[in-house]
Amino acid sequence: MSTPEPLPPSIYAESARPAADTPPLDGSRRVSVAIVGGGFTGLSTALHLAEQSVDVTVLEAHEPGWGASGRNGGQVNPGLKHDPDEIESHFGKDLGRRMIDMSWNAPNVLFDLVKRYQIQCEARQTGTLRAAYTPAAAQSIQTSYEQGAKRDMPVELLDRARMQEATGTDRYTCALLDRRGGHVNPLGYARGLAQAAVQAGARVHGATKVERVSRQGGHWIIETGSGTVTAEKI
């Protein structure tokens, strides 16, 4: 059995809700899906599978949210790095549109999970700002706004005066306001996802470092220091 490192000092570690009960794996188990890693992606996947009555187990070397998921800035940002037109030009109208819908609507999915499972993570869906203070950046913001607006996104272009009113500084020439965005305590959110996944029927094991993964016949064998999981999918 591995010994997890304690969380490094941070405001999140000091203020987040208590960790969910995620005891180490003990023995052998056979499941439909095994997930390696208890960050946002692994925990969300486990929760959504468990909601569909899939037998799923998460194996995490430390505790859920121990890594980058529990240490980031906590911003819940809609969208992708590139603007919608560029996404569609790279991936085509159909796939591009689905990528845009998924990524720009992602904050609503997160805040819906927070509400449904009453996750204590200081969640605030008050919008996010993409601000500009150079002419080139301002042009980029204008382009992003126009492409979002023509797709009926809840975006708004703020000029310098409105930005000063919103932020208290006249440094920024303009900004794109997307009201779907917001902020969470990321460690609290990760711990809440773990709790919700367990409540939905998933098994989440902390202090369970995966040491070896192999394929045997039609199954995956995931070996840890305290047991083995046999899974149809990983």
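The values are calculated or read from the model by the stated rules, or taken from the named source; none is laboratory data. These numbers come from a predicted model, not from an experiment. Methodologically, a virtual Cβ is constructed for each residue, glycine included, from the backbone with ideal geometry; neighbour enumeration extends over all protein chains shown. Areas reflect the complete protein model, heavy atoms only, side chains present, ligands, DNA and RNA absent. Shrake-Rupley method; radii C 1.70, N 1.55, O 1.52, S 1.80 Å.
Here are some notes:
- Residues in region 33-62 that are surrounded by fewer than 24 Cβ atoms within 10 Å (Cβ to Cβ), touching a residue at least 60 places away in the same chain (Cβ under 8 Å), in contact with a strand residue (DSSP E or B) (Cβ under 7 Å, 6 or more places away or on another chain) and in a helix (DSSP H, G or I): L49, A50.
- Scanning region 96-109 for residues that are open to solvent by 30 Å² or more (accessible area, probe 1.4 Å) and assigned to a helix (DSSP H, G or I) gives R97, R98, M99, D101, M102, A106, N108, V109.
- Residue-level analysis places A149 among those that are over 19 Å from the mean Cα position of the chain (by Cα) and either at pLDDT 95 or above or within 21 Å of G79 (Cα to Cα) (or both).
- The residues on offer are G201, G181, G188, and the sole one that is open to solvent by 40 Å² or more (accessible area, probe 1.4 Å), under 30 Å from S103 (Cβ atoms) and not polar (S, T, N, Q) is G201.
- The one condition in (1) crowded, with 16+ Cβ neighbours inside 10 Å; (2) touching a residue at least 24 places away in the same chain (Cβ under 8 Å); (3) among the β-branched types (V, I, T) that T228 fails to fulfil: (1)
- Within region 63-86, residues that are among the hydrophobic types (A, V, I, L, M, F, W, C) have Cβ atoms under 8 Å from residues that are in a strand (DSSP E or B) in these pairs: V76/T128; V76/G182; V76/H183, counting only partners at least 6 apart in sequence or on another chain.
- Take the conditions (1) part of a loop (DSSP other than H, G, I, E, B); (2) within 23 Å of W104 (Cβ to Cβ); (3) β-branched (V, I, T); T169 misses just one of them, which is (2).
- L157 meets the conditions (1) hydrophobic (A, V, I, L, M, F, W, C); (2) touching a Leu at 6+ places or on another chain (Cβ under 8 Å); (3) at pLDDT 95 or above; (4) assigned to a helix (DSSP H, G or I) in every case but one. The failed one is (4).
- The strands (runs of 3 or more DSSP E) located wholly in region 192-234 that include 1 or more residues which are of a type outside the set (S, T, N, Q) and in contact with a helix residue (DSSP H, G or I) (Cβ under 8 Å, 6 or more places away or on another chain) occupy 203-205.
- A count restricted to region 133-166 and to residues that are under 25 Å from G96 (Cβ atoms) and either open to solvent by less than 70 Å² (accessible area, probe 1.4 Å) or in contact with a strand residue (DSSP E or B) (Cβ under 6 Å, 6 or more places away or on another chain) (or both) stands at 16.
- Top-ranked residue of region 63-95 - restricted to ones that are under 13 Å from the mean Cα position of the chain (by Cα) and over 30 Å from Q147 (Cβ atoms), ranked as most open to solvent (accessible area, probe 1.4 Å): R71
- Search result, residues across region 15-32 that are open to solvent by less than 40 Å² (accessible area, probe 1.4 Å) and part of a loop (DSSP other than H, G, I, E, B): A16, A20, T22, L25
- In the set (1) under 30 Å from L7 (Cβ atoms); (2) touching a Ser or Thr at 6+ places or on another chain (Cβ under 8 Å); (3) hydrophobic (A, V, I, L, M, F, W, C), A132 fails one condition alone, (1).
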